[in-house]
C-alpha cells in the first residue's frame, strides 16, 4: 500500500539516485534547486516547502512538494514530482499524486491544485492528466532555458 509521510533529510540520497541523467534531472527540477548533479545539502532546501515522500513497505517510491503560490489558502501547487526510475510506468506516480490531492483537499482545505510540466516530459504530462489535471491555456507560456534549449512549461490545474 502506497503511503505519504513527511520528507526526511535522509531521504535525499535515494531520491537523488534516481536522476542518473542530466536531462532527466532538469525535467523534474528545472534547475531551481541547483545544477546537476545536486548534493544532498542542496536538495534539503526542500524542507522550506511541504515536502512528502511516498513509501511502500518502507521503500521510498516517490517524492513531491506542495506550496502556496499566493497568500490565499485556496490553492496548492505541486512541484519537484519524481518517482523511482525503476518503478515508473506502474501507476505509482498516479497513486502518489492522488494521495497528494486528497491531502490538499481534505487536510489543507484547498479548492484547487496546480502544477507545471515541460512539454518534452510526455510521460509526466499523461500521468497528471490521468489524475484529473486539466490544461490551462496561457497567452505567453513560461519558458526555461535548459541545456542550451528553450523548454516550454505547460500549466495544469484541478478544481477540488
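The values are calculated or read from the model by the stated rules, or taken from the named source; none is laboratory data. This structure is a prediction, so every number in the text was calculated from the model and none was measured. Cβ placement follows ideal geometry from the backbone for every residue including glycine, while neighbour counts extend to all protein chains displayed.
The table for this structure:
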read-out	value
Some residue of the stretch 90-112 being within 14 Å of the chain's Cα centre (by Cα) and farther than 21 Å from residue 1 by Cβ	no
Among (1) surrounded by fewer than 17 Cβ atoms within 10 Å (Cβ to Cβ); (2) touching a residue at least 24 places away in the same chain (Cβ under 8 Å); (3) more than 24 Å from residue 2 (Cβ to Cβ) - the single one residue 149 does not satisfy	(2)
Positions within the stretch 95-126 being without any contact (Cβ under 8 Å) to a residue 40 or more places away in the chain and crowded, with 20+ Cβ neighbours inside 10 Å, in sequence order	97, 117
Number of the condition not met by residue 43 [criteria: (1) touching a helix residue (DSSP H, G or I) at 6+ places or on another chain (Cβ under 9 Å); (2) at pLDDT 95 or above; (3) within 23 Å of residue 122 (Cβ to Cβ)]	(3)
Criterion violated by residue 139 - all others in (1) more than 17 Å from the chain's Cα centre (by Cα); (2) farther than 22 Å from residue 69 by Cβ satisfied	(2)
Subset tally (residues that are under 23 Å from residue 143 (Cα atoms), in contact with a strand residue (DSSP E or B) (Cβ under 8 Å, 6 or more places away or on another chain) and crowded, with 16+ Cβ neighbours inside 10 Å) for the stretch 1-48	8
